[in-house]
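Read through the structure below, which is laid out as structure tokens, and then see the notes.
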Amino acid sequence: MRFLGNIEAKLDAKGRVFLPAAFRKVLQGAGEQGLVMRKDVFQPCLVLYPESVWGEQMDLLRSRLSRWDKGEQQLFRQFVSEVEAVALDANGRFLIPKRCLRQAAMGQAVRFIGMGDTIEIWAAAGGDAPFVEQSAFADALQAAMGGAAPAGD
């Protein structure tokens, strides 16, 4: 499952938004029915997980955190308690609860960004907030992928 793209949308008066058709197509192709939404741990955005991906994340987190360690149990509880089950209506819309909109500082205009196996939802007013400056991006990607610095830099 690969979500790709950067698509802007608007919430209606009730806080509903259309999941972009390209992303709905990926979900349908993978046989996924539901989604799970939570505020990102590091960034001011929301993350949509297909149910199977959410299940994998829960299994991984549970395997790394002990039920018998108070602090680790609190981490797990906080991570899983701050989620919303998301169901698309017949038109491909879903509701973003007001609590989630506040957590991610979102208004009526949002931006969906495909992140491979998840989808991020950002406030469209944030402009380039989800991204690093282009030359810094190139340098960081080169370093991450193990490439040598170009001659003359």
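The values are calculated or read from the model by the stated rules, or taken from the named source; none is laboratory data. Computed from a predicted model, the values in this text were never measured in an experiment. Virtual Cβ from ideal backbone geometry, glycine too; neighbours counted across all protein chains shown. Quick note on the areas: whole protein, heavy atoms, side chains included, nothing else; ligands and nucleic acids left out. Shrake-Rupley method; radii C 1.70, N 1.55, O 1.52, S 1.80 Å.
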### Task
Take the solvent-accessible surface of the protein heavy atoms, probe 1.4 Å, and return the percent of it on the chain that carbon and sulfur atoms account for.
55 percent
### Query
With +1 on each Lys and Arg Cβ and -1 on each Asp and Glu Cβ, how big is the dipole of region 46-104 about its Cα centre, in debye rounded to the nearest 20?
280 debye
#### Entry: Residue-span extension gain [A90 to R67] - 0.36 nm each, minus C-alpha spacing
4.3 nm
### Task
Kindly provide the helix-only [θ] at 222 nm of the chain, computed as the sum of -39,500 (n - 2.57) over DSSP H runs of four or more divided by all residues, to the nearest 500 deg cm²/dmol?
-10000 deg cm²/dmol
### Message
Using only the alpha-carbon atoms of region 10-102 as identical scatterers, what base-10 log of I(q)/I(0) does the Debye formula give at q = 0.11, 0.15, 0.21, 0.23 Å⁻¹?
### Response
-0.38, -0.66, -1.10, -1.23
### Task
Identify all lysines with a Cα-Cα distance to K14 below 16 Å; exclude those on the same chain that are fewer than 8 residues away in sequence.
K98
## Note on the structure
Per 10 angstrom bin, beginning at 0 and ending with the bin that holds the maximum distance, the Cα pairs of region 76-131 fall in percents of 18, 49, 31, 2
### Task
Can you work out the PRE-style zone for M115? Point 7 Å along Cα to Cβ, and I want the residues of region 31-73 with backbone N under 16 Å.
35-58, 61
### Query
Given DSSP loops and a limit of at most 15 other Cβ atoms within 10 Å, what is the longest stretch of the chain that contains no such chymotrypsin sites (Phe, Trp or Tyr not before Pro)?
69-130
#### Entry: Difference of contour (0.36 nm per residue) and Cα-Cα distance, S135 to S81
15.6 nm
### Query
Per-residue HN-Hα couplings for region 9-16, Karplus 6.51 cos²θ - 1.76 cosθ + 1.60 at θ = phi - 60°, whole Hz, x for Gly and Pro?
8, 10, 7, 7, 4, 8, x, 8
#### Entry: Accessible area in square angstrom per residue, region 1-51, 1.4 angstrom probe
57 Å²
### Task
Compute the separation of the alpha-carbon centres of region 87-131 and region 1-28 and state it in Å as a whole number.
9 Å
### Query
What is the extension gain from V41 to R99, computed as 0.36 nm multiplied by their sequence separation minus the C-alpha to C-alpha distance, in nm to one decimal?
19.3 nm
### Summary
Scalar couplings 3J(HN,Hα) for region 31-36 by Karplus 6.51 cos²θ - 1.76 cosθ + 1.60 (θ = phi - 60°), nearest whole Hz, x for Gly and Pro, are x, 7, 9, x, 10, 10
